[in-house]
1. Check off (1) crowded, with 16+ Cβ neighbours inside 10 Å; (2) over 25 Å from the mean Cα position of the chain (by Cα) for residue 320 and give me the number that stays unchecked.
2. Scan region 329-357 for residues that are surrounded by fewer than 21 Cβ atoms within 10 Å (Cβ to Cβ) and within 17 Å of residue 202 (Cα to Cα) and jot them down.
3. Considering every residue within region 249-262, establish whether at least one is within 27 Å of residue 364 (Cβ to Cβ), away from the ligand (no atom under 16 Å from the Cβ) and touching a residue at least 12 places away in the same chain (Cβ under 8 Å).
4. Does residue 355 qualify as being more than 15 Å from the ligand (Cβ to nearest atom) and either in contact with a strand residue (DSSP E or B) (Cβ under 9 Å, 6 or more places away or on another chain) or on the phi > 0 side of the Ramachandran plot (or both)?
5. Can you name every residue in region 73-89 that is away from the ligand (no atom under 16 Å from the Cβ) and assigned to a strand (DSSP E or B)?
6. Taking the condition of being more than 16 Å from the ligand (Cβ to nearest atom) and either out of contact with any strand residue (DSSP E or B) (no Cβ under 8 Å at 6 or more places or on another chain) or under 20 Å from residue 332 (Cα atoms) (or both), how many residues in region 216-244 meet it?
7. Confirm whether residue 121 is in contact (Cβ under 8 Å) with a residue 24 or more places away in the chain, assigned to a loop (DSSP other than H, G, I, E, B) and either more than 24 Å from residue 289 (Cβ to Cβ) or more than 16 Å from the ligand (Cβ to nearest atom) (or both).
8. Tell me which residues, restricted to region 95-106, are within 16 Å of the ligand (Cβ to nearest atom) and either buried (at least 20 other Cβ atoms within 10 Å of the Cβ) or part of a strand (DSSP E or B) (or both).
Ligand code: C6P
């Protein structure tokens, strides 16, 4: 069911503010989404009433904080269909989750093994595998793109040889906005016995995502792109793999027994959560899980896709403007270039009109090399947007083109 914009306005007071004397149009959601009142209230309630460390104290506040923190884990488990709460590891974000897998699971790689990713990956799902491949004498292979800017699976059989041990890809590209054929990729990876990691930074909280239904081995995402706070994300992992993996950080809470020479590890997820965790942030993430569930993940996906389709059509109809990636079916980001104008100038002039977009390589430098544009401007849509935001974007692009003649 459609969510009325009045409800969204009430939940996101920031939408009423002005920047540079113009009403704000926030189109940088793929970088970080806005934070609704219920999420901020959950964080505030922890600090106001239950602020204490978790898993340690025998006093009431510590017990409350532990319940809130572990309750957030249950909410994440339900949102993404994780097989159990021990499969939900809290991390700093997607980047930390993928690095954890590459550093720990990656130890099983041998010289001559291969890792398969795509040419469109965010650096967070590229550099950890590059470094692992170098360390282990493994090969890093890449799935190419079609001319339209979606994944080209026509050569998958050639790329997916039996020595491929990991297939890792973004479920939604943070530049091209396509939704990857995740089920097909995971099934193909399984057919050669490869493990799979889904970078769900741009998909969890944007569409229904189920770890169980996908059948992948690892899933990584961040709180701050799905109405949650910064500084928190998750690695969802298959229990057998998490059991077999070594921790990559050592300290409090991740042990069972320590003597002066040796230590034994706690079970997952605690084995991977050394030290005081981001307690308030995890509680905020739990509230964000409630929030996106209440709005409805089908509605969020349909609403966002409809806005992306409209934006891609409107932008590509402007002479001198080029949209990168498919014109339909995108989920969130719409990257574009304006002839003769540097994307940083585009973003600066749009900001002057009250329209917030991102410009740069969006942490996907190799992809931008392939696009033939060292950087692009990117408008990205989410629950806080409506069709009139596209009108404001188009009008502001008119101003940019006027300034640059
Ligand atoms: N992309 C963007 O503006 P972190 O920074 O760890 O929360 O998320 C990293 C990350 C991983 N994968 C994908 C597909 C992503 O989009 C991101 C973050 C932001 O596009 C910030 S660079």
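1. If we test residue 320 against (1) crowded, with 16+ Cβ neighbours inside 10 Å; (2) over 25 Å from the mean Cα position of the chain (by Cα), just (1) comes out false.
2. Within region 329-357, just 329 meets the criteria.
3. The answer is no; no qualifying residue exists.
4. The answer is yes for residue 355.
5. 88
6. As a first pass, look at region 216-244 and keep what is more than 16 Å from the ligand (Cβ to nearest atom): 217, 237-244.
Adding the requirement that they be either out of contact with any strand residue (DSSP E or B) (no Cβ under 8 Å at 6 or more places or on another chain) or under 20 Å from residue 332 (Cα atoms) (or both) leaves 239-240, 243-244.
So the count comes out to 4.
7. Working: in contact (Cβ under 8 Å) with a residue 24 or more places away in the chain: yes; assigned to a loop (DSSP other than H, G, I, E, B): yes; either more than 24 Å from residue 289 (Cβ to Cβ) or more than 16 Å from the ligand (Cβ to nearest atom) (or both): yes.
Considered against the rule, which asks whether it is in contact (Cβ under 8 Å) with a residue 24 or more places away in the chain, assigned to a loop (DSSP other than H, G, I, E, B) and either more than 24 Å from residue 289 (Cβ to Cβ) or more than 16 Å from the ligand (Cβ to nearest atom) (or both), residue 121 comes out as yes.
8. Answer for region 95-106, where residues must be within 16 Å of the ligand (Cβ to nearest atom) and either buried (at least 20 other Cβ atoms within 10 Å of the Cβ) or part of a strand (DSSP E or B) (or both): 95, 96, 97, 98, 99, 100, 101, 102.
The values are calculated or read from the model by the stated rules, or taken from the named source; none is laboratory data. Predicted, not measured: the structure shown is a model, and the values here were computed from it. Using ideal geometry, Cβ is built from the backbone for each residue, glycine included, and neighbour counts are taken over all protein chains shown.
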